[in-house]
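Read through the structure below, which is laid out as structure tokens, and then see the notes.
The values are calculated or read from the model by the stated rules, or taken from the named source; none is laboratory data. Given the structure is predicted, the values throughout are model-derived calculations rather than measurements. Neighbour counts are summed over all protein chains in view; Cβ atoms, including those assigned to glycine, are modelled from backbone coordinates with ideal geometry. Only protein heavy atoms, including side chains, enter the accessible area calculation; ligands, DNA and RNA are left aside. Shrake-Rupley method; radii C 1.70, N 1.55, O 1.52, S 1.80 Å.
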Amino acid sequence: MIRSVFRGSGSALPVRVVPNAKLAETVDTSDEWIVERTGIRQRYIAGEGETTASLAIEASRAALADAGMDAAEIDLIILATATPDNTFPATATKVQAALGCTGGIAFDVQAVCSGFLYALATADSLLKTGMATRALVIGAETFSRILDWEDRTTCVLFGDGAGAMVLEAEEGEESDRGLITSRLHADGAQHDLLYVDGGPSTTQTVGHLRMRGPEVFRHAVVNLASVLREVIEDAGISAEDIDWVVPHQANARILDATARKLGLPAEKVIVTVDSHANTSAASVPLAFDTARRDGRIQDGSLVMFEAMGGGFTWGASLMRL
Ligand code: UT7
């Protein structure tokens, strides 16, 4: 059987760091409230010249260098984003041109905060069917550009960034390295709990993010615990076998509650929400790359990825590095 085997990762953050105290100068909030309710201490905000594509390109170059691979070897680029540079064409095509590997497949995936999980599972399917051999899977966002900076209930929660992963198709057995299993879900009936109030076909504007936070919080814990159980069962492992959980970084309290529900020790959960805030589709690959670079996640580790976001969409993937 063909397995999608991990080859390398990279990430990128904007230059500008914005601590909670800075936001308290413009909206009625405080460092204490943000830290206590979310675990966020700071976020990175894109400045002039920094876009979803530029962050994605930087993260992709780092991932290719980590993989020791030339961009010309990549024949599939999937970029997960809800904040593309343009309505069309796909930001993935911009990345492809910048890397100089035109001719293969390149497209965007839109599943908001679960985008990277959707992109990963899609890349895995295309590699398994032989449609492509080497994939660049990217999560990149500039959520700062769709925030209502006067709405304290949302503007303090998000940040910008990008993460990328290189996968290669390889013949392997069940016990070998690679993506083991993925599960994806969506529930379009929950649209109004987390959405952007604009778009090309409705308002002809970009719009702003709107969220009913406490309701999203409750759904997130239930849906994530459920999809994690599905993947654990599917893979025929037990929760204790997992070396690291790399969750979507929305709120430290969601990470704690989900880990508790599954009986996973907090030390196995990678947390970067304190320094990156919620970077939507970028958060999983960004957290993963951070933990690889600081030496926590190593070759051979059994890693669980999970995310939940607007749509609602949610999913999880298990990978042996
Ligand atoms: O990435 C996609 C998935 N997204 C998520 O998973 C986000 C899920 N939701 C959450 O993380 C949390 O619900 C929030 C962090 C958004 C909010 O935390 P909460 O503990 O659910 O607070 P709340 O919305 O119930 O608000 C509590 C109080 C309210 O005041 P009153 O009505 O009690 O007087 C809010 O108006 O906190 C107030 N509040 C704030 N105060 C200071 C809301 N935002 C702020 C703020 N600073 N930024």
Considering only segment 281-321, state which residues are open to solvent by 10 Å² or more (accessible area, probe 1.4 Å) and among the aliphatic types (A, V, I, L, M). Met308
Looking at segment 238-274, which of its residues are within 15 Å of the ligand (Cβ to nearest atom), farther than 21 Å from Gly139 by Cβ and in contact (Cβ under 8 Å) with a residue 60 or more places away in the chain? Arg253
Inside segment 174-226, can you point out the residues that are more than 14 Å from the ligand (Cβ to nearest atom), closer than 25 Å to Arg320 by Cα and open to solvent by less than 30 Å² (accessible area, probe 1.4 Å)? Gly178, Leu179, Thr181
Pick out the one residue from Thr29, Thr51 that is open to solvent by less than 60 Å² (accessible area, probe 1.4 Å), more than 20 Å from Ala287 (Cα to Cα) and at pLDDT 95 or above. Thr29
When only residues in segment 1-26 that are within 13 Å of the ligand (Cβ to nearest atom) and hydrophobic (A, V, I, L, M, F, W, C) count, which is surrounded by the fewest Cβ atoms within 10 Å (Cβ to Cβ)? Ala21
Quick one: Ala225 ticks every box in (1) in contact (Cβ under 8 Å) with a residue 24 or more places away in the chain; (2) farther than 30 Å from Gly295 by Cα; (3) not polar (S, T, N, Q) bar one, so which box is it? (2)
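Listed here are the residues, each with its yes/no results for (1) in contact with a strand residue (DSSP E or B) (Cβ under 6 Å, 6 or more places away or on another chain); (2) among the hydroxyl-bearing types (Ser, Thr, Tyr); (3) not assigned by TED's automatic domain parsing to the domain that holds Pro285.
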{"site": "Gly10", "(1), (2), (3)": "yes, no, yes"}
{"site": "Leu23", "(1), (2), (3)": "no, no, yes"}
{"site": "Glu32", "(1), (2), (3)": "no, no, yes"}
{"site": "Thr38", "(1), (2), (3)": "no, yes, yes"}
{"site": "Ala80", "(1), (2), (3)": "yes, no, yes"}
{"site": "Asn86", "(1), (2), (3)": "no, no, yes"}
{"site": "Thr93", "(1), (2), (3)": "yes, yes, yes"}
{"site": "Ala106", "(1), (2), (3)": "yes, no, yes"}
Filtering segment 118-148 for residues that are open to solvent by less than 10 Å² (accessible area, probe 1.4 Å) and in a loop (DSSP other than H, G, I, E, B) leaves a count of 2
